[in-house]
1. Please report Rg over Rh for the chain, where both radii come from the alpha carbon positions and Rh follows the Kirkwood definition.
2. Using θ = phi - 60° and the Karplus curve 6.51 cos²θ - 1.76 cosθ + 1.60, what whole-Hz ³J(HN,Hα) does each residue of region 100-105 get, with Gly and Pro shown as x?
3. Please give the helix 136-152 orientation as an angle from the longest Cα principal axis of the chain, in degrees from 0 to 90, rounded to the nearest 10.
4. For region 242-291, what D do you get in µm² per second when you plug the Kirkwood radius from alpha-carbon pairs into Stokes-Einstein at 25 °C and 0.890 mPa s?
5. With a 4.7 Å Cβ cut-off, tell me which Cys residues in the chain come up empty for a partner.
6. Using alpha carbons only, how many degrees (0 to 90, rounded to 10) separate the axis of helix 220-232 from the longest principal axis of the chain?
7. Under a no-solvent Debye model with one identical scatterer per Cα of region 118-179, what's log10 I(q)/I(0) at q = 0.14, 0.16, 0.23 Å⁻¹?
8. For region 389-440, what is the relative contact order in percent, using Cα pairs closer than 8 Å and at least 6 residues apart in sequence?
Amino acid sequence: MNPRLALGCGALLLLIAATYLPAMAGPFQFDDHGVIVDNPQVHGLAAWWQSMPGIRPLLKLSYALNWTLSPKPLGFHLVNVLVHALNALLVWALATSWLRDLAPGIARPGLAAGFVALVFALHPAGTEAVTYVSGRSMSLMALFYLAAMWLHGQPWRGAAMASALVFALALGVRETAVTLPVAIWLLAWFAGASTTAILRGLRWHGLVLVIAALAALALPGYERFLQHSLDTRGLGDQVLGQTQAHQHLFLHSLAGLRTNLDPDLRVPAGWDVGAGLTVLVMAAAVVLAWRSRRRWPWLGFGIAWYLLQLAPGNSLLPRFDLANDRHLYLALPGAAFALVVTLFSLRPRWLAPLALALLVMVLAATSVRRNLDYLDEVALWTATVAASPGKARAWSNLGWGRQLQGDLPGAAVAYECALRRDPGHRQALVNLSLLPADLRDQALPEGACNRP
C-alpha cells in the first residue's frame, strides 16, 4: 500500500475512534430494549435459529452473536463503531473510483477521496446509525451495500457475481438495500455507459432480486410489515408528510448539523408555500442531476445517489415516523462526494483543503458532543425534548429515564408534560399511574414544560 494512503487510512480510523469513544459507556436506549434486551429471539444462536425464518435474519444474527459474547451494551457499541470504520474505508475506495470515472480532471484526487471519507465518517447525522445500537440496521446494511458496490467495479473475473452475493447479504440485513442495482446503474450511466451494457452487467443482481422477492412473499412477517406500513396513512397524507421529512433531513440534519432522535414532524393540514417549495426544489434537483450528465457528471451522480438512498424510507411507502436521521447514513457518501468535488473545482487550489479541514473539525466536534448525549437515558431525552419540546413521546421517555435514575418527582413532571401535549398518550398515563399519589397530584411548576 502507498505509504501516504496507509497514513491517511490510519488517521481516518483514529479520528473515528476518538469521535465515538464518548459513547462506548452508553446503555441500551429506547428501541434497543424491544429489539435486543427484551427480545429472546436474539439471546443466543440457538434462539435465533429457532426464530427463523423471519425478517432481517442477518441483522438479528449479528445481535445474537453479540449477545452470545456478552449481553452488555459495550460489545454492541464496539461492533457498531467497527462497522462504521469499515464503511468509511469503503467510501474512500469508492470515492477514488468515482473520481476516476466522473471527475477525471480533478486535481489531487487522492486527497479529495480522503475528504469524502472524512465527511461521511464524522458527520453527526451518522451518529444515530452508529451510536444508537438498533441503528445498526442501517450501518450493517450499508457495509454489505458499499462492499457490493465496490466489488461490482473490480476488473477481475467473477466480480459481478461476488457483488450480487454480497448484495444478498445486504438484503438479509435490511430490505431497503433493494436500491443497489439502481445505484450501480446510475454510476455507469453518469460515467457514459450504454443502458444495454449496464443491464447486462446486472443480471446476477436481478436474479438476487427475484429470489429475495419470492422469499419475502413466502414470509408472513414481511406481509404484516407491509400491511402495517400501508395502514399508517393514506397516499395524500404521505406525500404531504414527506415534504416536512425532506425539509428536516436536508436543512436540519444534513446542512444544519443538528441531530434529533425523535423529530417533531407532523403531516400538514394541507398544501402550503413550504410544502410546494419543497416539491419544486426536489424536482429541480432531479432535473439538475439529469442535465449534469455530460458537463458535471459528478454533481448529477451525487444528487441522484442522495435521493435514491432516501427513497425506500422517505417516498410513497408510509412509516410511523415521517423521518429519522439514521436514514441519511447511506445518503451521506453522495452528498459528501458532490460537496468535495465542488470545492476542489474552485480556485485557488488551496481553498478546498482548507475549507474541508475546517469543516471536518466542526463535524468531529459536533459528533463528539452528540455522542455525549448517549451516555444515559436522561441526557439523551433531555437533548431530544430540547429539540422537540412539543412531542409527547419525547417527554414520556424523559420521564422514564428520570424514573430509572430514581428521580420520581422529575419523572412525574415529564409525564405530566407529555400528557399536556397528548392527553391520551398511553405510556405516559400508565407510568404516571404507577408513581406515588402525592407525585401524581402535584402542581406543575411554572414553565416546567417549556424546557427539560
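We did not get these values from a lab; they are worked out from the coordinates using the rules stated. Model, not experiment: these values are computed from the prediction. Don't worry about glycine lacking a Cβ; one is built from the backbone with ideal geometry, like all the others, and counts go over all protein chains shown.
1. 0.97
2. The phi angles translate into 5, 8, 10, 9, x, x Hz.
3. It works out to around 10 degrees.
4. For the chosen part, D equals 205 µm²/s.
5. For the chain, the answer is Cys9, because their Cβ atoms have no other cysteine Cβ under 4.7 Å.
6. 70 degrees
7. Debye output, listed in q order: -0.44, -0.56, -0.90.
8. 36 percent
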